[in-house]
Structures are given as C-alpha cells and as structure tokens.
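Written out below as structure tokens is the structure these notes cover.
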Amino acid sequence: DAKTTQPTSMDCAEGRAANLPCNHSTISGNEYVYWYRQIHSQGPQYIIHGLKNNETNEMASLIITEDRKSSTLILPHATLRDTAVYYCIVGGTSYGKLTFGQGTILTVHP
Amino acid sequence: GAVVSQHPSRVICKSGTSVKIECRSLDFQATTMFWYRQFPKQSLMLMATSNEGSKATYEQGVEKDKFLINHASLTLSTLTVTSAHPEDSSFYICSARERAGGQETQYFGPGTRLLVL
C-alpha cells in the first residue's frame with residue numbers, strides 16, 4: 001500500500017474550518033484514500049473515503065487533487081469535540097488491512 | 001456508520017493467566033475482522049487478519065500461539081491472550097469490514113484496555 005505523509009500537529013479555532021492535508025504521491029490507480037480519527041482512549045472512527053472525486057458526508061469533505069497525489073480533509077465548522085488524531089490511509093477497494101501512520105494531532109481551541 | 005462492539009472494555013489480570021476479548025459487528029456481517037494493538041503514544045499496529053471459518057493471518061513478529069484468534073461466525077471474533085505478561089499490557093482494538101453498495105468500509109470497536117500485573 002502507498003505511504004502517506006501528514007503534518008504532526010495542527011491547531012484550529014472553534015467554529016472555523018479545519019483543513020488537514022495528506023500527501024500520497026505513490027498512490028496507485030485502484031487505491032482509495034481513507035480518513036479516520038481517534039479521540040483519546042477510543043477506537044478509530046471512520047470519517048470518509050474517496051477514489052478520484054471529491055466526497056462529502058455529514059462529518060467532513062474530502063478533496064482529492066486531480067493527480068491524486070494529495071488530499072485534504074475539511075471539517076467545515078470545527079468544535080472542541082473534533083480534537084483528535086486524524087489518520088490518512090491509502091488502500092485498495094478490497095483493502096486487506098489498514099496501515100496506520102502517526103497521523104495529525106488536531107487541537108481545536110476556543 | 002456500522003457499529004462494532006468489544007467486550008470487556010478493560011481488564012486487569014495476573015501474570016500467567018489468559019484473557020479473552022470479544023469483538024462483534026452489531027448490524028452487519030463481517031467476513032473479515034482485524035485485531036490491532038496500540039501502546040501509549042504510539043499508532044495502531046495490526047496484529048492479525050481474521051477470516052470467518054478459516055485460520056487467522058498474523059503479521060510478522062506476532063506470536064500466533066500467544067494471541068489466539070477465533071472467527072467462528074460472521075459477527076464474532078475473539079482474541080485470547082494466553083499466559084499474559086506485563087509487556088502484553090496494551091490497548092487492543094478490533095475492526096470489522098462491511099461490504100455495502102459495492103464498496104467496503106472498515107469500522108473499529110471501542111477498544112479493550114488490558115493491564116497485566
């Protein structure tokens with residue numbers, strides 16, 4: 001599976017949009033981009049995933065560049081409860097396993 | 001999203017005893033489940049992939065005889081830590097893969113915190 005690179009940490013003001021970048025320059029044509037987050041002492045929570053097109057759900061939006069080498073997860077109106085570690089993971093449709101990197105620690109402050 | 005549960009949420013045991021952790025997919029059938037381990041301030045590390053009705057596939061460095069995995073039904077997988085030692089103390093997390101609408105999504109349980117004294 002392709003490797004991803006994320007910033008170690010980011011800050012965001014409550015109520016503002018949080019934009020979390022992810023680089024996956026070695027992604028192959030059939031690999032999806034998945035985003036999960038982990039709030040302290042809990043299991044990871046699925047957020048969103050996409051292949052080529054931008055995706056949006058009730059939690060977030062996923063913007064994938066045309067060359068698919070990078071993506072951005074957008075939390076439109078961050079709240080304090082969005083403080084967590086955010087993981088960007090690349091895998092195929094029938095992904096056999098998800099390999100977690102170190103992720104981005106997002107801190108939302110008042 | 002789909003719900004995955006784990007039981008127990010936390011367990012404390014004496015060194016040398018065995019501990020069983022259950023993972024259930026509550027509202028979907030999961031042909032494949034995964035077991036992860038997470039040490040403090042570290043990321044999740046995959047331990048094994050569990051397929052219903054067949055033997056689990058273990059990641060390199062994970063002892064299959066120490067971490068017994070059983071996936072007897074489409075909604076239940078169990079992880080048994082045999083002869084647990086203090087170094088096995090960790091946060092154990094399972095996940096289950098849901099197949100719907102031609103796509104697959106992996107959902108995680110809330111985790112089980114194991115402390116071996």
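Go through A:LYS97/B:LYS14; B:LYS14/B:LYS64; A:LYS69/B:LYS41; A:LYS52/B:LYS41 and tell me which ones have a Cα-Cα distance over 24 Å in this structure.
On the way: A:LYS97/B:LYS14 32 Å; B:LYS14/B:LYS64 21 Å; A:LYS69/B:LYS41 28 Å; A:LYS52/B:LYS41 33 Å.
Going by Cα-Cα distance, A:LYS97/B:LYS14; A:LYS69/B:LYS41; A:LYS52/B:LYS41 fall outside the 24 Å limit.
Please report, in whole Å, how far the alpha carbons of chain B spread along each principal axis, starting with the longest.
Extents along the principal axes: 45, 26, 22 Å.
State the cysteines of chain B left without a partner when partners are defined as other cysteines whose beta carbon lies under 4.7 Å away.
Among the cysteines of chain B, those whose Cβ sits 4.7 Å or more from every other are B:CYS13.
Using a Förster distance of 30 Å, how high is the FRET efficiency between A:THR26 and A:GLU58, based on the Cβ-Cβ distance and rounded to 0.05? If you can, show how the numbers build up before the last one.
Working: r = 31 Å, r/R0 = 1.03.
Once the sixth-power term is evaluated, E becomes 0.45.
Along the stretch A:68-74, what does the Karplus equation 6.51 cos²θ - 1.76 cosθ + 1.60 (θ = phi - 60°) give for ³J(HN,Hα), rounded to whole Hz, x for Gly and Pro?
Ordered by residue, 3J(HN,Hα) equals 6, 8, 7, 8, 9, 9, 10 Hz.
For B:PHE108, what accessible surface area do you get with a 1.4 Å probe? Give it in Å², rounded to 10.
Probe radius 1.4 Å; accessible area of B:PHE108 about 20 Å².
Which Rg and Dmax, in Å, describe the Cα atoms of the protein assembly as shown?
Just the Cα atoms of the protein assembly as shown yield Rg and Dmax of 17.7, 54 Å.
Within 10 Å of each candidate Cβ there may be at most 12 other Cβ atoms; applying that plus a DSSP loop requirement, which GluC sites (Glu not before Pro) in the stretch B:10-91 survive? Could the numbers behind the result be given before it?
Working: sites: B:GLU22, B:GLU52, B:GLU59, B:GLU63, B:GLU87; in loops: B:GLU52, B:GLU59, B:GLU63.
Answer in residue order: B:GLU63.
From the convex hull of the Cα coordinates of the stretch A:3-110, what is the mean projected area in square nanometres? Spell out each step's value before the answer.
Values: hull surface 25.4 nm².
That works out to 6.4 nm², a quarter of the Cα hull's surface.
So which trypsin sites (Lys or Arg not before Pro) in the stretch B:14-102 end up in coil per DSSP with only 15 or fewer other C-beta atoms within 10 Å? Could the numbers behind the result be given before it?
Details: sites: B:LYS14, B:LYS20, B:ARG24, B:ARG37, B:LYS41, B:LYS55, B:LYS64, B:LYS66, B:ARG97, B:ARG99; in loops: B:LYS14, B:LYS41, B:LYS55, B:LYS64, B:LYS66.
Loop-located and lightly packed - B:LYS14, B:LYS41, B:LYS55, B:LYS64, B:LYS66.
Could you give me the ³J(HN,Hα) list for the stretch B:73-80, computed from phi with Karplus coefficients 6.51, -1.76, 1.60 and θ = phi - 60°, whole Hz, x at Gly and Pro?
Once rounded to whole Hz, the list reads 9, 6, 10, 9, 10, 10, 10, 10.
What FRET efficiency comes out for A:HIS109 versus B:SER54 if R0 is 41 angstrom and r is the Cβ-Cβ distance? Round to the nearest 0.05.
Values: r = 48 Å, r/R0 = 1.17.
After rounding to 0.05, the efficiency reads 0.30.
Test of understanding: what is the full-extension gain from A:THR65 to A:SER41, defined as 0.36 nm times their sequence separation minus their Cα-Cα distance? Display every interim value, and only then the final one.
Working: separation 24, 0.36 × 24 = 8.64 nm, distance 3.26 nm.
Here the answer is 5.4 nm.
The values are calculated or read from the model by the stated rules, or taken from the named source; none is laboratory data. The structure presented is a predicted model; accordingly, all values stated were derived computationally and were not measured. Positions of Cβ are backbone-derived with ideal geometry, glycine not excepted, and every protein chain shown enters the neighbour counts. Ligands, DNA and RNA are stripped out before the accessible areas are found, and what is left, the full protein with its side chains, is counted by its heavy atoms. Shrake-Rupley method; radii C 1.70, N 1.55, O 1.52, S 1.80 Å.
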